[in-house]
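The values are calculated or read from the model by the stated rules, or taken from the named source; none is laboratory data. A quick note: this is a predicted structure, and the numbers were derived from the prediction, not measured. Quick reminder, even Gly has a Cβ in these numbers, built from the backbone with ideal geometry, and neighbours come from all protein chains shown. When the accessible area is computed, the model is the full protein with side chains, heavy atoms only, and any ligands, DNA or RNA have been set aside. Shrake-Rupley method; radii C 1.70, N 1.55, O 1.52, S 1.80 Å.
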Amino acid sequence: MSASAPFLSASEAAGRLGVSTKALRLYEQRGLVSPIRSAAGWRAYGPDQMARASEIAALRRLGLSLARVAQVLGGDPQGLEPALAAHQATLEDRIRQLTGAIERVRELRSDLARGKAPAAGELACLLKPAPELSVAFVLPWPWGGERFELRDIRPLNYIIGPLGSGKTRLALRLAETLPGAAFLGLDRLADGGAAARARLYADPALKVRVDQALAWLAEDGAVLSDALIALLAGLEAEGPAILVVDMVEQGLDQATQEAVIAHLRRRGPNGRPLFLLTRSCAILDLAAIGPDEAIILCPANHSPPSRVAPYPGAPGFEAVATCLASPEVRARTEGVIAWRPQVA
């Protein structure tokens, strides 16, 4: 099927939409879009299917779960309200920043008109970009002591890699090195999340925040569970300036994972930075990555971790897509660890 044909192949459609072919298949599996079939049985996307898929991708980038997307496309627009409110808050925050900068420029021009020159360093301060959060350190084993540097840390950062790639060690080192960071490990699930329940009992304010988050998530189709409560107790706790979360999807079904990541996206650009270890395509939906998110890949060959741009054809994109699996597959492989033969 050529690019000039009225119908596009799945890969062509994904390229036009800026999503992955896996995302298109997921939309199809959820009944959100229905590609036609060519005479040879290949999926094909015409103008109607492309318009539908474009709407889905836009709604996902606004932070809607697939359950909410289905409701909106089914004629229930109320699910848009929280996402549009968060997007509005983001835009208004940018306007406030620009308004402040414009006002300062206006003051400087007024001073110049009166013959007053800017104070030393004032212009440099005005033109200096907003400070970015960054980190640099020497990588631990299994890397060979290479230096790792991560600039412009986003509110949502995904750490992904195949089994044995060292992503957990990278996460631990990030938690050790970043100022004010904490690591939320899988021990949160011990004894059915008993430690989390004890924290909620001892901290009524935390319990209120967790209950509010649970209400949001339930509306998005999440299923209440000990694993979800344990995760939220860590995510909603005050104190850490940055949180590194080990396998955020652990113990959560697909609908709950989709609701959780939609909830985290609603925080906007001013949310505290999160590093989420994941191998679930419900958490890391490559079709929904926004400007406030970043993907960090730990390659299988133990090359230094690197940031991967979230669009097909970008270096490392296919490696990231290969690491991802549906929650159903992830559940079947839970507990599997990488095995490396011993060399005599």
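From the list Arg68, Arg25, Arg60, Arg30, pick out the single residue that is under 22 Å from Glu258 (Cβ atoms) and touching a Gly at 6+ places or on another chain (Cβ under 6 Å).
Arg68
Please determine, by comparing only the residues of segment 97-139 that are open to solvent by 90 Å² or more (accessible area, probe 1.4 Å) and under 35 Å from the mean Cα position of the chain (by Cα), which one is modelled with the highest pLDDT.
Here the answer is Ile102.
Determine whether Ala259 is modelled with pLDDT of 85 or more and either within 30 Å of Ser11 (Cβ to Cβ) or not in a loop (DSSP other than H, G, I, E, B) (or both).
Yes; evaluated as a whole, the condition is true for this residue.
Return the pairs, sorted by first residue and then second, in which the second residue is small (Gly, Ala, Ser) and in a loop (DSSP other than H, G, I, E, B), the first residue lies in segment 33-59 and is more than 14 Å from Ala10 (Cα to Cα), the beta carbons are less than 6 Å apart, and the residues are 6+ apart or on different chains.
Note: pairs meeting the criteria are Ala57/Ala287.
Starting from segment 267-282, keep only residues that are within 11 Å of Thr90 (Cα to Cα) and part of a loop (DSSP other than H, G, I, E, B), then list their pairs with residues that are of a type in the set (Gly, Ala, Ser) and open to solvent by less than 30 Å² (accessible area, probe 1.4 Å) whose Cβ atoms are within a distance under 6 Å, requiring at least 6 positions of separation or different chains.
Gly268/Ala86
Given the criteria touching a Pro at 6+ places or on another chain (Cβ under 6 Å) and either surrounded by 21 or more Cβ atoms within 10 Å (Cβ to Cβ) or aliphatic (A, V, I, L, M) (or both), does Tyr45 qualify?
Spelling it out, Tyr45 is indeed touching a Pro at 6+ places or on another chain (Cβ under 6 Å) and either surrounded by 21 or more Cβ atoms within 10 Å (Cβ to Cβ) or aliphatic (A, V, I, L, M) (or both).
Out of (1) among the charged types (D, E, K, R); (2) modelled with pLDDT of 95 or more; (3) surrounded by 17 or more Cβ atoms within 10 Å (Cβ to Cβ), the odd one out for Asp187 is which?
Status for Asp187: all satisfied but (3).
Quick grid of which residues meet (1) in a loop (DSSP other than H, G, I, E, B); (2) among the acidic types (Asp, Glu); (3) out of contact with any His (no Cβ under 7 Å at 6 or more places or on another chain); (4) on the phi > 0 side of the Ramachandran plot:
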| site | (1), (2), (3), (4) |
| --- | --- |
| Ser34 | yes, no, yes, no |
| Gly41 | yes, no, yes, yes |
| Ser54 | no, no, yes, no |
| Leu59 | no, no, yes, no |
| Gln78 | no, no, yes, no |
| Asp93 | no, yes, yes, no |
| Gln97 | no, no, yes, no |
| Lys116 | yes, no, yes, no |
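So, of the residues in segment 140-165 that are more than 24 Å from Ala241 (Cα to Cα) and either in contact with a Cys (Cβ under 6 Å, 6 or more places away or on another chain) or of a type in the set (Phe, Trp, Tyr) (or both), which turns out to be surrounded by the fewest Cβ atoms within 10 Å (Cβ to Cβ)?
Trp141
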